[in-house]
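Peer 1: Would you mind keeping the following structure in view while I ask a few things?
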Amino acid sequence: MIYEKAKCIRFLMMDVDGVLTDGKVIYNDQGLEIKMFNVKDGVGIKLLKEAGIDVVMVSSRKSEAVRHRAHDLGIGAVFLGVSNKLRLYEDLLKQKGLRHQDAGYIGDDIADIPVLKKVGLAMTVADAAEEVKDVADYVTHKKGGEGAVREVCQLILKAQDKWPQFR
């Protein structure tokens, strides 16, 4: 059933803190925010994009570190300081002319639940809030910031027979 849902994905929206990072926020002495991202997640995202799947990053926080990471990955659509992720999701779907079953979402906390309940493929990380796991179609084996996004990318690409075969 997961592979059937993953076959339809043309658009992946993902939360940042707790999904692309381990959820920790570090500030230096100047008050600048520092985040750690996993390189394997980045490779997975790039492979999704190469396969023609649209990728969007969304966060309720405003962070220049996230904007820099999105730029590194070639993601032009990054939405920061979003208080209503469901409204953003529905607006993006409408703009792109997509249906719910064409979309996947990966989140880790209660603010993500409204979107997870609407998308065709609802995913969360191993260390997500229990309420989120209860509504997810798929819970990764990896924790947020430790390759969970790569796992999701690989799942989608394999379901669509687009995972590169390296020997």
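Residues are listed down the side, and each one gets a yes or a no for (1) without any contact (Cβ under 8 Å) to a residue 24 or more places away in the chain; (2) closer than 17 Å to VAL56 by Cβ; (3) assigned to a loop (DSSP other than H, G, I, E, B); (4) of a type in the set (A, V, I, L, M, F, W, C):
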position	(1), (2), (3), (4)
TYR3	no, no, no, no
ILE9	no, yes, yes, yes
MET14	no, yes, no, yes
GLY18	no, yes, yes, no
ASP22	no, no, yes, no
GLN30	yes, no, yes, no
LYS40	no, no, no, no
GLY44	no, yes, no, no
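Peer 1: Same structure again: Taking into account only those residues within segment 90-114 that are within 15 Å of PHE11 (Cβ to Cβ) and under 12 Å from the mean Cα position of the chain (by Cα), which is surrounded by the fewest Cβ atoms within 10 Å (Cβ to Cβ)?
Peer 2: Looking at the filtered set, the residue picked out is ALA103.
Peer 1: Let me ask another. Could you tell me whether ALA70 is more than 21 Å from VAL39 (Cα to Cα) and at pLDDT 95 or above?
Peer 2: So ALA70 fails the test.
Peer 1: Give segment 94-137 a look and list any residue that's under 22 Å from GLY81 (Cα atoms), in contact with a Ser or Thr (Cβ under 8 Å, 6 or more places away or on another chain) and not hydroxyl-bearing (Ser, Thr, Tyr), or say none.
Peer 2: Matches in segment 94-137: ILE106, GLY107, ASP108, ALA111, ASP112, LEU116, MET123, VAL125, VAL132.
Peer 1: Of all residues in segment 49-74 being within 17 Å of ARG10 (Cβ to Cβ), surrounded by fewer than 21 Cβ atoms within 10 Å (Cβ to Cβ) and aliphatic (A, V, I, L, M), which is nearest to the chain's Cα centre (by Cα)?
Peer 2: Once the filter is applied, the top-ranked residue is VAL56.
Peer 1: Something else now. Under the condition of being farther than 20 Å from ARG10 by Cα and touching a residue at least 12 places away in the same chain (Cβ under 8 Å), which residue from segment 118-138 is farthest from the chain's Cα centre (by Cα)?
Peer 2: GLU131
Peer 1: Cβ-Cβ distance below 6 Å, separation of 6 or more or different chains: which pairs start in segment 61-82 with a residue that is touching a residue at least 24 places away in the same chain (Cβ under 8 Å) and end on one that is of a type in the set (Gly, Ala, Ser)?
Peer 2: Going by the 6 Å Cβ cut-off, the qualifying pairs are VAL66/SER59; LEU73/GLY42; VAL82/SER60.
Peer 1: Out of curiosity, is LYS35 of a type outside the set (A, V, I, L, M) and touching a residue at least 60 places away in the same chain (Cβ under 8 Å)?
Peer 2: no
Peer 1: Being among the basic types (Lys, Arg), surrounded by 17 or more Cβ atoms within 10 Å (Cβ to Cβ) and either modelled with pLDDT of 95 or more or closer than 20 Å to VAL39 by Cβ (or both): is that true of LYS142 here?
Peer 2: Yes, satisfied.
The values are calculated or read from the model by the stated rules, or taken from the named source; none is laboratory data. Here the structure is a predicted model, which means the values were calculated and not measured. All Cβ positions, even for glycine, are placed from backbone atoms using ideal geometry, and neighbour counts span all protein chains on display.
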